[in-house]
1. Take region 123-144 and flag every residue that is among the hydrophobic types (A, V, I, L, M, F, W, C), open to solvent by less than 30 Å² (accessible area, probe 1.4 Å) and under 12 Å from the mean Cα position of the chain (by Cα).
2. Can you work out which of the residues in region 9-52 that are in contact with a strand residue (DSSP E or B) (Cβ under 9 Å, 6 or more places away or on another chain) and of a type in the set (Phe, Trp, Tyr) is most open to solvent (accessible area, probe 1.4 Å)?
3. Evaluate region 108-117: report whether one residue or more is modelled with pLDDT under 95 and open to solvent by 50 Å² or more (accessible area, probe 1.4 Å).
4. Just one of 141, 99 is of a type in the set (D, E, K, R) and either free of Cβ contacts under 8 Å to residues at least 40 places away in the same chain or touching a helix residue (DSSP H, G or I) at 6+ places or on another chain (Cβ under 8 Å) (or both); which is it?
5. Can you tell me which residue is surrounded by the fewest Cβ atoms within 10 Å (Cβ to Cβ) among those in region 154-171 that are touching a Ser or Thr at 6+ places or on another chain (Cβ under 9 Å) and modelled with pLDDT under 85?
Amino acid sequence: MDDNMSGEVHRPGRIEVVCGSMFSGKTEELIRRLKRAEFARQRVEIFKPAIDTRYSEAEVVSHDRHTIMSTPVESSSSVLLLSSGIDVVGIDEAQFFDEGLVDVCNDLANRGVRVIVAGLDMDYKGVPFGPIPALCAVADEVTKVHAICVKCGSVAYVSHRLVQGDKRVMLGEESEYEPLCRECYRKAVEKENKEHGTAKL
């Protein structure tokens, strides 16, 4: 049977992680999987960090403006508290959650819940971000999606920050970040180091 037509109604507990750089389609893929689950008449609940209000306070919104209603929460413990009686839990921008999210996702999966997590696997410096690396380790399935490098058209490696600032968490869009391949990112950092006399790598 075609994989796209199977496994939506009686799927066992599991953790699915969709990760990659900004503009790679992570949220788009999360929304696609969640809407399929809703179509299969499963009980679905979607969570996002309360700090993410870029497009909407209550919706998960992809860069392509596809939306799905969500519940903004302050911590991973809230995800567990609000998931009673749910078949499928979706979590967007998971890199902004605390490390307790790993235990929460494991707990839910062990209860038979399908957990779908989307988030950045690296920050703007190319450093593993938040609970995503640990979630990848315990996940049943990891899907790494890729943006396209805006400089050369290759597969992007990291989200390069275009504005100054060392704050790790900085919500932004095309004006603040750009997807770059490893080589173009290296060149961009070298150029910035010369201009500002600092070392970012």
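The values are calculated or read from the model by the stated rules, or taken from the named source; none is laboratory data. Note that this is a predicted model, so its numbers are computed, not measured. With ideal geometry, Cβ positions are generated from the backbone for all residues, glycine too; neighbour counts draw on all protein chains shown. Accessible surface areas use protein heavy atoms only, side chains included; no ligands, DNA or RNA. Shrake-Rupley method; radii C 1.70, N 1.55, O 1.52, S 1.80 Å.
1. Pass one, region 123-144, residues among the hydrophobic types (A, V, I, L, M, F, W, C): 127, 129, 132, 134-139, 142.
Now drop any that are not open to solvent by less than 30 Å² (accessible area, probe 1.4 Å), which leaves 129, 132, 135, 139.
Residues satisfying the conditions are 129, 132, 135.
2. Per the criteria, the residue is 23.
3. Going residue by residue through region 108-117, those that are modelled with pLDDT under 95 are none.
No; the residues of region 108-117 include none that is modelled with pLDDT under 95 and open to solvent by 50 Å² or more (accessible area, probe 1.4 Å).
4. Working: 141 fails: either free of Cβ contacts under 8 Å to residues at least 40 places away in the same chain or touching a helix residue (DSSP H, G or I) at 6+ places or on another chain (Cβ under 8 Å) (or both).
Going through 141, 99 in turn, the sole match is 99.
5. 163
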